[in-house]
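**Q** Before I ask anything, here is the structure I am working with.
The values are calculated or read from the model by the stated rules, or taken from the named source; none is laboratory data. Only a predicted model underlies this, so the values are computations on that prediction, with no experimental measurement involved. Every residue, glycine as well, gets a Cβ built from its backbone with ideal geometry; the counts of neighbours run over all protein chains shown. Note: accessible area is taken over every heavy atom of the protein model, side chains too, but ligands, DNA and RNA are not part of it. Shrake-Rupley method; radii C 1.70, N 1.55, O 1.52, S 1.80 Å.
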Amino acid sequence: MALDPTLLSILACPQDKGPLLLVDDELLYNPRLHRAYPIEDGIPVLLVDEARIVGEDEHEALLARASGPAAD
């Protein structure tokens with residue numbers, strides 16, 4: 001289930017309030033903080049405690065697969 005583009009444009013990282021990138025409809029990614037937020041059953045889980053830290057190699061791979069305001 002794809003996230004609505006309008007919804008994606010208003011979603012923000014709960015930690016730094018910046019824009020997020022959508023990665024293959026499976027997670028939302030904050031490239032500034034290297035945090036990945038899961039999307040479960042089409043619903044973004046934007047809780048700081050649920051985010052996972054992304055290493056540098058995965059960071060580059062996520063940027064290559066991402067779409068959204070920060071990727072353009």
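**Q** Hey, does the range 48-63 have a residue that's of a type in the set (V, I, T) and open to solvent by 50 Å² or more (accessible area, probe 1.4 Å)? Break it down stepwise before answering.
**A** Within the range 48-63, the first condition is being of a type in the set (V, I, T), and the residues that meet it are 48, 53-54.
Then drop every residue that is not open to solvent by 50 Å² or more (accessible area, probe 1.4 Å), which leaves 48, 53.
Checked the range 48-63: at least one residue is of a type in the set (V, I, T) and open to solvent by 50 Å² or more (accessible area, probe 1.4 Å).
**Q** Going by what's in this entry, would A61 be described as without any contact (Cβ under 8 Å) to a residue 12 or more places away in the chain and over 11 Å from the mean Cα position of the chain (by Cα)?
**A** Numbers: without any contact (Cβ under 8 Å) to a residue 12 or more places away in the chain: yes; over 11 Å from the mean Cα position of the chain (by Cα): yes.
Here the answer is yes, as A61 does meet what is asked.
**Q** Next question, about the same structure. Looking at the range 38-70, which of the residues that are touching a helix residue (DSSP H, G or I) at 6+ places or on another chain (Cβ under 7 Å) and in a loop (DSSP other than H, G, I, E, B) is modelled with the lowest pLDDT?
**A** To start, the set of residues in the range 38-70 that are touching a helix residue (DSSP H, G or I) at 6+ places or on another chain (Cβ under 7 Å) comprises 38, 54, 68-69.
Next, from what is left, pick out any that are in a loop (DSSP other than H, G, I, E, B): 54, 68-69.
On the way: V54: 97, G68: 68, P69: 63.
So, considering only residues that are touching a helix residue (DSSP H, G or I) at 6+ places or on another chain (Cβ under 7 Å) and in a loop (DSSP other than H, G, I, E, B), the one modelled with the lowest pLDDT is P69.
**Q** Let me ask something else about it. Residue by residue through the range 38-47, note down the ones that are among the aliphatic types (A, V, I, L, M) and either touching a residue at least 40 places away in the same chain (Cβ under 8 Å) or more than 18 Å from R65 (Cβ to Cβ) (or both).
**A** Within the range 38-47, I43, V45, L46, L47 meet the criteria.
Every residue, every condition in (1) touching a residue at least 12 places away in the same chain (Cβ under 8 Å); (2) out of contact with any Gly (no Cβ under 7 Å at 6 or more places or on another chain); (3) open to solvent by 20 Å² or more (accessible area, probe 1.4 Å); (4) not in a strand (DSSP E or B), yes or no:
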| site | (1), (2), (3), (4) |
| --- | --- |
| A2 | yes, yes, yes, yes |
| L7 | no, yes, yes, yes |
| Q15 | yes, yes, yes, yes |
| L22 | yes, no, no, no |
| D25 | yes, yes, yes, yes |
| Y29 | yes, yes, no, no |
| R32 | yes, no, yes, yes |
| A36 | yes, yes, no, no |
